[in-house]
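Undergrad: Input: one structure, supplied below.
The values are calculated or read from the model by the stated rules, or taken from the named source; none is laboratory data. Model, not experiment: these values are computed from the prediction. Please note: Cβ atoms are built from the backbone with ideal geometry, for glycine as well, and neighbour counts cover all protein chains shown.
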There are 4 protein chains.
Amino acid sequence: MQAKTIPSITPERFLEIRSKTEQICSSLEPEDVALQPADFVSPPKWHLAHTTWFFEQFVLSEFDKNYKVFNPDYAYYFNSYYNTVGDRVLRAERGLMTRPTLKSVLDYRAYVNAYMASFIQKGLASDLEGIIEIGLQHEQQHQELLIYDIKYIFGNQPAFPTLHHTVPLTAEPQTQDFIPIEEGLYTIGHQNEGFCFDNELGQHKVFLHAYNISNRLVTNAEYIEFIEAGGYEDFNLWHAEGWDYIQNEKIKAPLYWHNVNGAWMQYTLGGFTAVDGHLPVAHVSLYEAFAYAQWKGCRLPTEFEWEVASSHFNYGQLWEWTNSAYLPYPHYKKVPGALGEYNGKFMVNQMVLRGASVATAKNHSRATYRNFFQAHLRWQFSGIRLAK
Amino acid sequence: MQAKTIPSITPERFLEIRSKTEQICSSLEPEDVALQPADFVSPPKWHLAHTTWFFEQFVLSEFDKNYKVFNPDYAYYFNSYYNTVGDRVLRAERGLMTRPTLKSVLDYRAYVNAYMASFIQKGLASDLEGIIEIGLQHEQQHQELLIYDIKYIFGNQPAFPTLHHTVPLTAEPQTQDFIPIEEGLYTIGHQNEGFCFDNELGQHKVFLHAYNISNRLVTNAEYIEFIEAGGYEDFNLWHAEGWDYIQNEKIKAPLYWHNVNGAWMQYTLGGFTAVDGHLPVAHVSLYEAFAYAQWKGCRLPTEFEWEVASSHFNYGQLWEWTNSAYLPYPHYKKVPGALGEYNGKFMVNQMVLRGASVATAKNHSRATYRNFFQAHLRWQFSGIRLAK
Amino acid sequence: MQAKTIPSITPERFLEIRSKTEQICSSLEPEDVALQPADFVSPPKWHLAHTTWFFEQFVLSEFDKNYKVFNPDYAYYFNSYYNTVGDRVLRAERGLMTRPTLKSVLDYRAYVNAYMASFIQKGLASDLEGIIEIGLQHEQQHQELLIYDIKYIFGNQPAFPTLHHTVPLTAEPQTQDFIPIEEGLYTIGHQNEGFCFDNELGQHKVFLHAYNISNRLVTNAEYIEFIEAGGYEDFNLWHAEGWDYIQNEKIKAPLYWHNVNGAWMQYTLGGFTAVDGHLPVAHVSLYEAFAYAQWKGCRLPTEFEWEVASSHFNYGQLWEWTNSAYLPYPHYKKVPGALGEYNGKFMVNQMVLRGASVATAKNHSRATYRNFFQAHLRWQFSGIRLAK
Amino acid sequence: MQAKTIPSITPERFLEIRSKTEQICSSLEPEDVALQPADFVSPPKWHLAHTTWFFEQFVLSEFDKNYKVFNPDYAYYFNSYYNTVGDRVLRAERGLMTRPTLKSVLDYRAYVNAYMASFIQKGLASDLEGIIEIGLQHEQQHQELLIYDIKYIFGNQPAFPTLHHTVPLTAEPQTQDFIPIEEGLYTIGHQNEGFCFDNELGQHKVFLHAYNISNRLVTNAEYIEFIEAGGYEDFNLWHAEGWDYIQNEKIKAPLYWHNVNGAWMQYTLGGFTAVDGHLPVAHVSLYEAFAYAQWKGCRLPTEFEWEVASSHFNYGQLWEWTNSAYLPYPHYKKVPGALGEYNGKFMVNQMVLRGASVATAKNHSRATYRNFFQAHLRWQFSGIRLAK
C-alpha cells in the first residue's frame, strides 16, 4: 500500500480518527456488543478490539521497546483473517466471546492509544508512517462495517432498537439524465499523492467504447415500481444464481423492508419508518441491481466506466454496484507478509462497488477506491446507478 | 400437575425461590446474558425473563384485575414452547435479542414479584395455588438450566470465565458394591402428598426381574481407564447412532475435558483445573454411558429399576442416565391448554434420567422425578450408574 | 439368535426362499437397480448382492474348503453395517455404484446358490444350520425392504412406473370394536420352538393394567376425516419433534398421497389410483399415528399390550406402530462378533412396530416379532391400531 | 447467436454430429446412465434425451406440421434450465429418473432424427438454419459434458470402470518459453464468418499492457513439485475462499489423483494408471491454478491476453483457466425468449476458460470461444497456462 500521506501522522489526527469509532458505539449497551447474528457480521466489541490489536501487533510490539502487551491473549481473540500471525478465533465463532467485557476493550483502546500517541510524538520513520496510515484507514473501514453490523443486529430483533449515531440519506435530483461519455483510451487507477490501497495501484490504460451513465441513483419510488411490476417473480430478469438465491431466501424487497398492510416500511438506525420514495434505494444485492437494470432496459456500469465518468456526477450516499468482478489490475503485486493478505486473497467471486456511502469516513472516499462484496450481500449500504 | 402442596404458597416462599435465580446470575456481566451458542442453550437473560413471564401470563394477567402488563411485547419475546399462547420468538433466534437489556429484565422481575407478593398475600383459591406452584417448580427447573447454559457459554470461549456460584461435586464411596434387588411386582410413580409433575402420575405396577445395581456413580478415574483402553475407538461398544455421532463430532472425552500434554484437564464453573479421579464422571451423553457400561460388561438400569432401588443408595450429584425411553405412564393424561404442553409433547426420542444434580434446587428432587434429554446431549450434569 | 429351526435347512427350501428375491425384481429394468434416492433406501442391486454376500462371507468362505470367492471386491461393495468385517461402502454412497451390473449380480447369486445347495446337501452341523437360517431370515427381511425401496424409487419420479409384483391391501371389518384385556402379569417374548431373532428372546414377565384395543386398523376414510378436520394444522395433537418435522417437510398427508383437484390419489406399485376409503391407511410416520390417536381421544398400544392382545384380532396387512421405544428385553445379551451387530446397536431412538405387512414373507410373521423404525419414517408399510 | 454457418445444414451433417453422442455412450451399461452423483453432473441418459428434446421443442413442434410428439411427458423430463418452456425437473433430481429406459431414449433419438432429416431435406429458411445450428452446437457441448460426467461417475465408484471412448492427452514441448506480446489496442470477439455463441459477439477494442505468456501448459511433473513443496499447505498462495474450499474438501491433489504408497496414480477413462510427468496437469480448479501460478511467481493470463496471444502457441488439450470473470462484452445483448437464457444468466461468479480440450468436438474450437465454470469445479478438462 502506498504511503505518501497527506496529512501526516500526528497524535492529534491519530486520536481523532480513533475516537470516531467510540463515538459510533457510544449509545450501545454492553448486551449489544458480543453478538454475531450472521457469518458476515462481526460483534461491535470485536471491531473495537481488532482495530486496536492492529496497532499493538504491527506497531507497538514490533517497534516500541517500552511497550508491554495489554493482555497476551488478545492477539488470539482479535486477530481476523491474518493467517500469518498465529492462531485465531474462527470468524463464525467471534460471537461466542462474551469476555473480555466492553469495558475491558475500551480500557484496551485507551491503553494502546496512549502508547501510540507518545510513540508518534517521538517521530516516525517513513515506513512506520505507512503502517500507521494503513492502520488508520483500516480503522475507518471498520467504522463503516460497525454501522452495517449494528444495523443488522438491531434490524433483526423484535424490539428494533435505535442508534444515536444516524446516517440519513438525502434526496438526489429527481430528474434523470444520462451523461454521454466518448469512446477512448483512459487511464485507470490511483494517480495522485494521497493514500490508496494496493488494489488501486497499477495505474493502467483501458479502452472504453462510448456509453451513457445516469446522473443519479435509482430511487425508492422507482424500485417500488419494479416490485409492483412483478420484478421479483420474473426469472428472465435475473442471473440463474440470483434467481435461486431469492427463491431460497424468500426475498421480495430490499433488506430491512417490511410490507405492513400494503405500505412499505423499513428499519433505519433512527427507527422503523415509511419508505421515502424520493430517497435512493439501499440495501440491494448485485442480483437485485442487475435485475432492476434489465427490467429498465439498461445495465450496470463497469468499474472503469464508473471511474472515468465519476467527475460528471455526485456520489457518496451509497456504494454503487458495478458489473465488474473484483480482480487485480495489470501490474498488481501482492505485498509479502501479513499486510499482503489484505486485498489480493479476496480477488475471486466478489463484485466491485464504487463511490462511498453515508457511513463512509469523510476523508475516505475517492474516485479510484475499489470496494468489493459478494453478489448476494445486502447489509452494506449499496445502491444502483444505471448505464446504457 | 398435582397441587397438594406442602409447603403452601406464601409471599416469603415465592420471593425466596425467585431470588435464587438472580443469585445464580449475580456475577454475570451484561455481555454474558444475550448469547445462544447452541440450539439447546438459552441466553441467561431469556431464562430470567421467561420465568417471570410465566407468572405474568398465567396468574396476573388472568386473575389480578389491578395488574398492568409491564411491557406488552414481552409476551412475544419470552414465551418458550407454549404454542397455545400467541406467536413466539423461535428457539434458535433467542440469541439475537440484545434488547431489552439485563437491567430492564431485572426491573421486570422486580415489578412482577411485587404484584405477585401482594396478590398471594390476599389469599389464593386452590387451583391458583396449583398454577403458582407449577410456576415455582418451573422457576427451579430454569435455575438448573441456567447453570448448564452459563457453563456452556463460559466453557466454549477462549477466556474461560468463572462463575461465583459454583456447584462442586464431592467424592462418593470409592468401593463399588452391587446391591441385589429381588424380582417382584413394584409400584411406580408418585405416591405421596408433595408436588409432582404430571409425568410422574399414573401410579402403576411394574414387574421387575432380579437385578443388581451399583452403590455409586462411575468415577473419573474409571472413565479414564475406558478412554485409555480405546473405548472411543471400538465401534462394538456403541449404538450405531452413537458411533456416527462421536465420529462426526470428533468426540474423544466428556464435554469440557481437554487433554493438555497428556493430562486430563477440564473446565468447571470455578475455572480450568485437573480432572480429579475420585469424583464422579460428568457431562457424558447416553451414548457414552451405554458404551462405558458395555465395556464394563454391565448395563444401565431402567428407570423402574432405578426408582425401586433408589432407597438403597445415595443420589443427587448427577442426573443418572437410564436405559428407558421417555414415554407416558399407563394412565397418563395430557392436561388441556397451555400447561398441558409441558411434558407430553416431548415423549419421543428422549431418554429418562433419574436422581438430581448439584445444580438442582434443594427441594426439587425425589425418587419419582423423571428428567429427560436427547441421547446425544452432554451439557446437562449427567453421570453413570451401572446395573447388571 | 435361536436356531431350533422347523422346517430344517434343505437345498430346496434354501433355493425357494432365495428365488423369491429375484421374483420381486423380475420386472425391473437395469436402470432401476443402481439408484439410492434417499439415505434410508438401498439400491435393489445392492439388496440382491448383499443378501448373497451374507452366505459367501459367513458360510462358504469360512466352512466350504472348495469355495472360490466369486469376486474378492464384492465383500467391500456389499457389506452393510457389519463393521466387524473389513471396510465397507458408506450407506449413503451405495447409490454411486453402477457396476457391477445387474447381470453380474444375478450371476453372483447363481454362483453362490449353486455352492450353497451342494454344501447343504452334504449335511450341516447344527450351528451352521443356525447361521444359514439367519441368512434366510435376513434374505426375507430384505425382500420386504426391496418392496419398500422399489416403491420409493418408482413413487418419486415423474413417470410413476409400476411393478408386476404387487402387494394389495384388503378391507378389514368396517365395524370397530374395542377388545377389553384384563390387568395381570403376562409373559412376553419368544416361547416356542420356531426361529426368532435375538431381540425377541429374554422371555420375561410384564404387568399390564386393564386396557382396550381395536379389532382393526384405522381406515383411509377415517384418516381423511382427520386431515379434513385440520389434524395437520393443530400442533396440540403432535409431539414437538413431529410438529417440527411436518412443518419442515411440508407434510399434509400420508406418503405417496396427492391431492388432485380435491380428490385423494395415491401411488401404489400397481399404478396411480384413487385412495380407497375402506382400506387401512398406510405409509404414516409414528408422529402421524400418534397425532391421529390423540385426535380420536385414544392412544397407541405398547408393544406388550399388542403382543398380549394379538390372539384376539387379525394382523398382517401393515406393521403397526406401538408407543414403545425399541429397547432390550431384561435378559438380552448381544452376541459377540459380526452377527451380534444385528440388533442391539439400533436400540436407541427407534420405535417398535408389531405384526407384519402384505410385503412380509409368509413364514416370517409371529406375535413376538419386533420390527423397528425411526419415528419419522414413512416408506415402510406402516399402519395404525388404536388402544385406550 | 450468429448463424452465417459454413458448412450448411444437411441431413448428413446433422446425423453425423448426432451419432457422435451415441458413439460416446456405446460402451455404457443401462445401469450407468441414470445416475447423478453430484449436483453439477447430469445422468448420461439425460444428455441423450435433452439434446434431442431441443430439436423436438424448438424445431419440429414449432415448424413441422407433420410431427407428432414422441411422448408428451418428455418435455417435462428433459428440459434443463429453460425456464421459459413449462415446468421442469429440478437439476438435483435428474438422477431420480430411472425411466424412461436407455432403450426408450435411444428410440426417441432415432425418431426425432428421422423427422429432422426429412425436415432438413425439404429445405430451410435461414432463421431455421440458425436454430438448428445452435442445436448442433448444443449437442456438441453436451458431448463434451457427457465425457466429463461419465468420467465422474466411473471415477467415483470402487470398481473404476473404463470407457471404450478414451480421450488421451499428449505431451507438449517440454521446454518452456515465454512469448512476449507488445502493449497495444487489440480487437476482441468473434470477427469472421463461422458460427459463434452470443457471448463472443460484441466485437470490441481492449488495450493491453505488455506481457509474456507460456508456450505450453504446466505439466504433471511441475505440479507434483508444487505439491511436494507444500503448496497445498501454504495459505499465502491461495484465495481466502480457495483455502477454505481445500480445507473443507480435504483436497491435496488434482481430482482423480490418488497417492498409493507414495506414488501418484490417477483414474482415466482408460483405467487406473500412473501419473505421467510429461503430460499437462488436468482437473484442477481455478483456485489450484491460481495458487500454482503464485508459487511460480507468475500469474494466469486474462481472457483478452489469451485471445490475443493464441495465434502464437498450440492449444486444444485442456481448457485453460484465465483470471477473467465471465461477464458480458460491451455490446452484449441477451436474445429474448428461451434461447436467450443460454448464456447471459450465468454471467456472475464464474471464471472464463479459453481454448478447448481433447473432449471437445473437433469443429467446435476457436480463439474467441468463451467457456466458463465456477472457480471450485474440477471435473471439466481444465489445465494451467502461465503468464507474467
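Undergrad: Given B:N349, B:N323, which one is touching a Lys or Arg at 6+ places or on another chain (Cβ under 8 Å) and surrounded by 21 or more Cβ atoms within 10 Å (Cβ to Cβ)?
TA: Working: B:N349 fails: touching a Lys or Arg at 6+ places or on another chain (Cβ under 8 Å).
Criteria check complete, one pass: B:N323.
Undergrad: Considering A:R370, A:R385, which residue is buried (at least 19 other Cβ atoms within 10 Å of the Cβ), in contact with an Asp or Glu (Cβ under 8 Å, 6 or more places away or on another chain), farther than 26 Å from D:W321 by Cα and charged (D, E, K, R)?
TA: Unique residue meeting the criteria: A:R385.
Undergrad: Quick one: in the range A:157-207, of everything that is in a loop (DSSP other than H, G, I, E, B) and charged (D, E, K, R), which residue is surrounded by the most Cβ atoms within 10 Å (Cβ to Cβ)?
TA: Looking at the filtered set, the residue picked out is A:E172.
Undergrad: Can you pull out the residues in the range A:111-156 that are within 30 Å of B:Y77 (Cβ to Cβ) and out of contact with any helix residue (DSSP H, G or I) (no Cβ under 9 Å at 6 or more places or on another chain)?
TA: Matches in the range A:111-156: A:Y148, A:K151, A:Y152, A:G155.
Undergrad: Take the residues in the range D:359-372 that are of a type in the set (A, V, I, L, M, F, W, C) and part of a loop (DSSP other than H, G, I, E, B), then tell me which one is farthest from D:I24 (Cα to Cα).
TA: Among those residues, the one meeting the criterion is D:A367.
Undergrad: Further question on the same structure: What tally of residues in the range A:226-260 results from selecting those that are crowded, with 17+ Cβ neighbours inside 10 Å, under 26 Å from the mean Cα position of the chain (by Cα) and more than 25 Å from A:Q350 (Cβ to Cβ)?
TA: 0
Undergrad: Now for a separate question. Within 22 Å of the chain's Cα centre (by Cα) and either without any contact (Cβ under 8 Å) to a residue 12 or more places away in the chain or buried (at least 20 other Cβ atoms within 10 Å of the Cβ) (or both): which single residue out of A:S42, A:S61 fits that description?
TA: A:S42
Undergrad: Consider only pairs whose beta carbons are under 9 Å apart and that are at least six residues apart or on different chains; among these, list those whose first residue lies in the range A:124-140 and is under 27 Å from A:I24 (Cβ atoms) and part of a helix (DSSP H, G or I) and whose second residue is of a type in the set (S, T, Y) and at pLDDT 95 or above.
TA: A:G135/A:T51; A:H138/A:T51; A:E139/A:T21; A:E139/A:T51; A:E139/A:T52; A:Q140/A:T21; A:Q140/A:T360
Undergrad: Answer with yes or no whether D:F154 is within 14 Å of another protein chain (Cβ to nearest Cβ), in a helix (DSSP H, G or I) and touching a strand residue (DSSP E or B) at 6+ places or on another chain (Cβ under 9 Å). Break it down into steps so the answer makes sense when it comes.
TA: Working: within 14 Å of another protein chain (Cβ to nearest Cβ): yes; in a helix (DSSP H, G or I): yes; touching a strand residue (DSSP E or B) at 6+ places or on another chain (Cβ under 9 Å): yes.
Yes: the conditions hold for D:F154.
Undergrad: May I pose another question? In this structure, does B:L269 turn out to be within 21 Å of B:E172 (Cβ to Cβ) and buried (at least 21 other Cβ atoms within 10 Å of the Cβ)?
TA: no
Undergrad: Quick check on my filter: what residues within the range D:30-39 are charged (D, E, K, R) and in contact (Cβ under 8 Å) with a residue 12 or more places away in the chain? Steps first, please.
TA: Filtering the range D:30-39 down to residues charged (D, E, K, R) leaves D:31-32, D:39.
Within the range D:30-39, D:D32, D:D39 meet the criteria.
Undergrad: State yes or no: is A:L48 modelled with pLDDT of 95 or more and within 23 Å of A:F373 (Cβ to Cβ)?
TA: yes
Undergrad: For the range D:95-139, give me each residue that is among the small types (G, A, S) and either at positive phi or within 14 Å of chain C (Cβ to nearest Cβ) (or both).
TA: Within the range D:95-139, D:G95, D:S104, D:G123 qualify.
Undergrad: Tell me whether the range C:313-334 contains one or more residues that are of a type in the set (K, R) and assigned to a loop (DSSP other than H, G, I, E, B).
TA: Yes.
Undergrad: Quick one: would you say C:A375 is out of contact with any Cys (no Cβ under 8 Å at 6 or more places or on another chain), assigned to a loop (DSSP other than H, G, I, E, B), of a type in the set (G, A, S) and closer than 10 Å to C:L318 by Cβ?
TA: no
Undergrad: Any residue at all in the range C:345-358 that is in the same structural domain as C:G184 (by TED's automatic domain parsing), assigned to a helix (DSSP H, G or I) and at pLDDT below 95?
TA: Scanning the range C:345-358, I find at least one residue that is in the same structural domain as C:G184 (by TED's automatic domain parsing), assigned to a helix (DSSP H, G or I) and at pLDDT below 95, so the answer is yes.
Undergrad: When you look at B:A291, is it under 27 Å from B:G202 (Cα atoms), at pLDDT 95 or above and buried (at least 22 other Cβ atoms within 10 Å of the Cβ), yes or no?
TA: no
Undergrad: Quick one: how many residues across the range D:190-202 are touching a residue at least 40 places away in the same chain (Cβ under 8 Å) and either over 23 Å from the mean Cα position of the chain (by Cα) or farther than 18 Å from D:F346 by Cβ (or both)?
TA: The total comes to 5.
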